[in-house]
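The block underneath contains the structure these notes are about, expressed in structure tokens.
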Amino acid sequence: MDYFKYKGSELFAEEIPLSVLAEKYGTPLYVYSKKTLLRHIGEVKRVFRSSGALICFAYKANNNSALLKLMNQEGVGADCVSLGELLLARKAGVPKDRIILNGNGKTDEEIKLALKMNIRMINADSAEDLLNISRVAGSMKTKARVSFRVNPEIRVPTHPHIATGLKESKFGLAYDDALKAYRLAASLETIEICGMHMHIGSQITETDPFAEALKKLAVFSKQLAKSGIRLKYINAGGGLGVKYQSEIPETLDKYAAVIKKYALRIAPKIIIEPGRMLIANTAVLLMRVISNKRSGRKNFVVVDGGMNDIMRPSIYGAYHEALPAKVFSEREKKDYDIVGPICESGDVLAKKRRMQNLYAGELLALRGAGAYGYSMSSNYNLRARPAEVLVDGSRTALIREREDIRKLI
Ligand SMILES: *Cc1c(COP(=O)(O)O)cnc(C)c1O
């Protein structure tokens, strides 16, 4: 549920018409609803409250520091995958015991910073990664708290680019190698084993894959226990899907119930790393129409936002609902492809959408743009990245300035 709604013929973000925001801040523009974000955080906290789970937001989904500060105030921690994200977590004021470092290619510099910040734990991706962490910890005369990411090797019904728990995935320890890696860790002076981690993929709308994966890891954890290795934490990753189109994601209550049921068989303390489910539907990408053209038998709306501003449609074929900021019910409707100005045929933001004729100067909003939107944006075609605003009732705050292309060059 979100707070982007039509009032009469105008699309609003909470109490403000999107047209007012476009006028004030220009386009393309990421528009966030604070009320929506707080609602999503509140719901995730509510369903996990009884288990006392640690909730670490996946910073890669959105790295706006104003939003991250807000999350921190709500008690949400940080799942980081780079030096930049660790620094951002520190800047957002996240307490060290709510920060985790993930990733399958950590550099010494990143490991060093994680150890210096004394974060809750580092998730090792392989025996080699473990040895790197151990070497760096040794050189700093400290001990590293480590979990392993273990690949449960299951099929997950989602886009292949965002399925990460397959046997052939690049992430984590192969299930059959995991015991050896834990034994190695147990033998190292510089390592304190603290848990197990999994992340099976993204935009998963059912709970069965989570249950299946955790069941497999529970079998493995029994083997560990036989070797005298006990775990404090089980990190179930992120991955719960959201509604972009006609998906009906499993409810948060069901998701939490499944995670609790199976995770607690592995370790007493649960961690989750939600990304998309917290932030996707808190934002729209607002764009202005540059032209409306017919080419051959197709109708195109050309907007001022492109695949450099929002990459998901181009790289995943992702669906984002496209909504006119102002509805003219008497206008003729056509099937449109909504395209950006980038010099790539893949720069299509929405395909074959039945919508009212749109003319130059009018506004269009792409929904569900809060996750992997701005954070995946680029300067391709040497374009400035958009601005971001946060709407709170009838107030607005510019939370990221539009880049100035003249400064960039
Ligand atoms: C991307 C990622 C997440 C978040 O995934 P969502 O699908 O956005 O919830 C969590 N954990 C890890 C390790 C990730 O790579």
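In order along the stretch 86-102, the phi-based Karplus estimate (6.51 cos²θ - 1.76 cosθ + 1.60, θ = phi - 60°) of 3J(HN,Hα) comes to 4, 5, 5, 4, 5, 5, 6, x, 5, x, 4, 7, 10, 10, 10, 10, 10 Hz; Gly and Pro are listed as x.
Distant-in-sequence amide contacts of L173, defined by a placed amide H-H separation under 5 Å and a gap of 5 or more residues or a different chain, comprise R149, V150, N151. Taking Cα centre as origin and charging only the Cβ of basic (Lys, Arg, +1) and acidic (Asp, Glu, -1) residues, the dipole magnitude of the stretch 322-369 rounds to 260 debye.
Residue ranking by accessible heavy-atom surface, 1.4 Å probe, largest first, among K326, K141, K334 comes out as K141, K326, K334.
Under a 5 Å amide H cut-off, with hydrogens placed 1.01 Å from N, I271 pairs with L54, I234, N235, A236 among residues at least 5 apart or on other chains.
Return the FRET efficiency for the residue pair D335, A360: r is the Cβ-Cβ distance, R0 is 22 Å, and the value is rounded to the nearest 0.05. It comes to 0.70. Karplus-derived 3J(HN,Hα) values for the stretch 42-52, using 6.51 cos²θ - 1.76 cosθ + 1.60 with θ = phi - 60°, are x, 5, 5, 5, 4, 6, 9, 4, 5, 8, x Hz; glycine and proline are entered as x. Of the residues Y32, Y25, the one with the largest accessible area comes first in the ranking Y25, Y32, computed with a 1.4 Å probe on protein heavy atoms. Full extension of the chain between L38 and K293 yields a length gain of 87.8 nm, computed as 0.36 nm times the residue separation minus the alpha carbon distance. The stretch 278-293 and the stretch 25-51 have Cα centres lying 18 Å from one another.
Estimated at 0.36 nm per residue, the fully extended path between R406 and K167 surpasses their Cα-Cα distance by 81.4 nm. Among S329, S227, S314, which one shows the highest mean-square fluctuation when the chain is modelled as a Gaussian network with alpha-carbon springs under 10 Å? Result: S329 has the largest fluctuation of those listed.
Got the relative contact order for the stretch 34-276 handy, in percent, Cα pairs under 8 Å and 6 or more residues apart? Relative contact order here is 19 percent.
If the Kirkwood radius is taken over C-alpha pairs of the stretch 315-409, then at 25 °C and 0.890 mPa s the Stokes-Einstein diffusion coefficient equals 157 µm²/s.
When DSSP beta bridges are restricted to pairs lying wholly in the chain, around 50% turn out antiparallel.
Once you reduce the stretch 326-352 and the stretch 97-135 to the center of their Cα atoms, the two points are 44 Å from each other. Just to be sure I understand: of the beta bridges DSSP finds with both ends in the stretch 34-276, what percent are antiparallel, rounded to 5? Bridges in the stretch 34-276 that DSSP calls antiparallel: roughly 5 percent. Just so you know, the Rg over Rh for the chain is 1.01, from Cα atoms, with Rh as the Kirkwood radius.
Note on surface exposure: L278, L83 rank L83, L278 by accessible area, highest first, 1.4 Å probe.
Solvent-accessible area of V20, all protein chains in place: 80 Å² (probe radius 1.4 Å, heavy atoms, ligands and nucleic acids excluded). The mean sequence separation of alpha-carbon pairs under 8 Å and at least six residues apart, normalised by the residue count of the chain, gives a relative contact order of 19 percent.
The values are calculated or read from the model by the stated rules, or taken from the named source; none is laboratory data. A quick note: this is a predicted structure, and the numbers were derived from the prediction, not measured. Reconstructed Cβ throughout: ideal geometry from the backbone, glycine too, with neighbour counts over all protein chains shown. Protein only, heavy atoms only, side chains kept; ligands, DNA and RNA dropped before computing areas. Shrake-Rupley method; radii C 1.70, N 1.55, O 1.52, S 1.80 Å.
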